Every structure is written in structure tokens, then in C-alpha cells.
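One structure below.
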Amino acid sequence: MSSAWLLPEHLADVLPSEARRIEELRRLWLDLARAHGFELVMPPLLEHLESLLSGTGRELDLKTFKLVDQLSGRTLGLRADTTPQVARIDAHLLNRRGVTRLCYCGPVLHALPAGLHVGREPLQLGVEIFGHAGLEAELEVMELVLDGLAASGVKRLTVDLGDARIVRALLARAPAGIDAAELVAALTAKDQELLARLSAEWPETLRRAVLQLPDLYGGEQVLERARGLLPQDPVITQALDDLAWLCGHLRASCPDVRVGFDLADMSGYAYYSGVRFAAYGEGAVNSLARGGRYDEVGAVFGRRRPAVGASLDLKLLSPRVGDTPPRAAIRAPWGEDPGLRAAVRRLRQDGETVVCVLPGHEHETDEFLCDRELFEIDGRWALRAL
């Protein structure tokens, strides 16, 4: 007989202290997004499957839980990523002419975990800019993400930059019939043996460029090395110029952040159409935030618009920011005295946390730090320090 209290694999309850920390992060990030002019949207958790998996969302197929709608009989999906939904909102519901900045925060569900110690219910927070094709949009999103991570308490921030156009330009020169997905996976994993096998029949100049791509990671010198090693292609040249421009501005606006490059990292290949980035903290193996340009994301909804965005999992971020001190609170006795009950209500209306001690539980504690107590003196209720 199975235990009724056990949860499915890679799903977990969030207990009070952790929930408090995650909620504080959510408020911090949404307030920061609002300060940058982003508007909050709340897409539904369920949508028709064809909407969730249209266009660039096709790569989410294996991650998406599917079920049948008892009202319509159609197949629904539990979102595995909110970006396609926000693109739908921009294209169909808002339909604005100019720049639209949208942000969101909510759970997504993954049918399969992304790793051994990764949950299947991330709390995804994201920001999206629609309608601007210039690098100013990439810079704005990156600066917001880096400022948010720093404000969250993440130390020794690093941002790695890349550009999907570089690999796309190389693939455009490759012989017909190649397995692009397999090649991209080999590049991202830096699997030189597999890359050598996949490119064995390619022209030598192109093959040499692809085999050298996994070594093009590190500091600013990577860009100069890339200019010498990669084919002279206007798309590649523009991508390298754009990365250099962003690097210069990031160094000026975020001087404490280390800026690096990884020209072979093609995580999210189906999404990205240009610059992509990943942000890391001290000692982090996995990225804390990812984003970039994905101009194709709205095309399936009938409105191809320039789009740049980023997202992160607040549940994944929370353990890296350290414990926050519990909120100061007031301890109050429970009683029927009208003066006591009025005093408790008044304190709560003033923004104080008041924990009433229920009868028989006077010696129990919880996560609130009660540094004051409400006591009676001469028929009046007053506060004193504990």
C-alpha cells in the first residue's frame, strides 16, 4: 500500500521559510520590472495544445503534460514555458503598434525533469520586449536581469554571451541532409568526437570552423579569435559586432559583472534568432537566468514582431540567495477583552504582524521573530520589548 502523503517524483511542497523567501523574491523582481516600465500579465496554466506547441514552442512537446478537456473534447496542455503565451497576448489581445514590455510570474509544469536535482514545477518569472529590433532591447533585458540577481543577493555574477546567427550561418553553408538538431546538441555539449563524425563529408574550411567553434569561449579575446577562424560571412560579422557592442555597454553599466562568451552554446536553439545570454552566480554550474532575441516567436500567431526576453526559476534562485531574517512580529495573548481585540486589529491595520497565542500553546514558536509583546497595564494595552 503506497503512502498517501508521498508526492510524485521531482515535485515538492514549499514549506513556510522557503515560501516566504520565494515570495519576497517574486515581489522584488516584479517591482523591478515595473520600475523598468514592464506591464504584468497572467496567462492561464492550461491552453489548447496546438497553441502551446505552435512555432518555436514545438521543442516543448516532450516537456508538456497533455489532457483532454471534458467541456470541448479537445486536447489541452499544461504550459511548460510562458513565452509562447505572452507572444500570443502581444499579437492577438494587445496588438499594439509600438514597443510593448510585458512581465509575468507563475508556475510551469514539466513532464520530464531537466536534470537529476531539478523540480518539475518551476516558478517562472520572465520579461519580454516586443516591437524593437535594435540592440537596445537586448541591453535593457540583460541589465534588468543582472540588477535583479544582484538585488537578490547573488554574488560574483557572470554573463555569457552568444549569438544563434553564427551557427545558423554555418549550417546554411553545410551540405543538404544534415541533422541540424544533432549538430546543435553536439556543439552545446562540446562533443568534438561527434562533431568530427557529423562533419566528415563537409568542405574542409567549413568543417574546420565547426570543429573550432566549441573552443571559442572565454573573455573578449574570443571575438577576435572568431573573426580569424570563422568564414568571412556578413551575418557572422554582424553577430560578432553586436556582441562586442553589448559587451562594452555591460562593462560600463555593470562593472562588477564578469562578461564572457560561448559561441557554441545553442541551448534553446529553436527559440533564438540572434543574441542569447546566460547569467551565473558564484559556484553555479547551471545558469540562473537565460534569455535573448527570438523574433520568430509571434509568427505563428500571425504577427512576426521583434522580441527579446529572459526568464528564470525563482525556486531555483531561492537557495542561492541565503536566508533572510524572519519578519519582526508582536506576540499577543488571546482573550475576549474588547480593548485587547481592538488593539490587535489596530496594530495589524498599521502594517504590524501580530501573532495571537492560542490557549494552551504559550510555549510554541514559529518562524516569526516576536521582538515585542502586547500586555495590559492599568486597563490599557501597550507594547514592550521582549
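The values are calculated or read from the model by the stated rules, or taken from the named source; none is laboratory data. Just so it is clear, the structure is predicted and the values come from calculations on it, not from any experiment. Glycine gets a Cβ as well: all are built from the backbone with ideal geometry, and neighbour counts include every protein chain shown. These accessible areas exclude ligands, DNA and RNA; they are computed on the full protein's heavy atoms, side chains included. Shrake-Rupley method; radii C 1.70, N 1.55, O 1.52, S 1.80 Å.
Can you confirm whether Leu62 is in contact (Cβ under 8 Å) with a residue 40 or more places away in the chain and closer than 22 Å to Asp90 by Cβ? Here the answer is no, as Leu62 does not meet what is asked. Filtered by the rule that a residue be over 16 Å from the mean Cα position of the chain (by Cα) and either over 20 Å from Glu140 (Cα atoms) or part of a loop (DSSP other than H, G, I, E, B) (or both), segment 25-42 gives His36, Gly37. Listed by first and then second residue, the pairs with beta-carbon distance under 6 Å, at least 6 apart or on different chains, first residue in segment 340-351 and under 16 Å from Glu373 (Cβ atoms), second surrounded by 11 or more Cβ atoms within 10 Å (Cβ to Cβ), are Leu340/Trp381; Ala343/Trp381; Val344/Ala332; Val344/Val354; Leu347/Val354; Arg348/Val354.
Considering only segment 288-310, state which residues are buried (at least 19 other Cβ atoms within 10 Å of the Cβ) and free of Cβ contacts under 8 Å to residues at least 60 places away in the same chain. Residue satisfying the conditions is Arg290 alone. Can you find a residue in segment 6-15 that is assigned to a helix (DSSP H, G or I), open to solvent by less than 70 Å² (accessible area, probe 1.4 Å) and farther than 22 Å from Glu140 by Cβ? Checked against the condition, which is being assigned to a helix (DSSP H, G or I), open to solvent by less than 70 Å² (accessible area, probe 1.4 Å) and farther than 22 Å from Glu140 by Cβ, segment 6-15 yields no hits at all.
Being under 37 Å from the mean Cα position of the chain (by Cα), farther than 30 Å from Phe130 by Cβ and either among the small types (Gly, Ala, Ser) or open to solvent by less than 30 Å² (accessible area, probe 1.4 Å) (or both): is that true of Val285 here? It is false that Val285 is under 37 Å from the mean Cα position of the chain (by Cα), farther than 30 Å from Phe130 by Cβ and either among the small types (Gly, Ala, Ser) or open to solvent by less than 30 Å² (accessible area, probe 1.4 Å) (or both).
Only one of these is more than 19 Å from Arg293 (Cα to Cα) and either part of a strand (DSSP E or B) or without any contact (Cβ under 8 Å) to a residue 12 or more places away in the chain (or both): Leu102, Leu76. Name it. Sole residue among the options that is more than 19 Å from Arg293 (Cα to Cα) and either part of a strand (DSSP E or B) or without any contact (Cβ under 8 Å) to a residue 12 or more places away in the chain (or both): Leu76.
Of the numbered criteria (1) surrounded by 19 or more Cβ atoms within 10 Å (Cβ to Cβ); (2) within 30 Å of Val154 (Cβ to Cβ), the one Val210 fails is (2).
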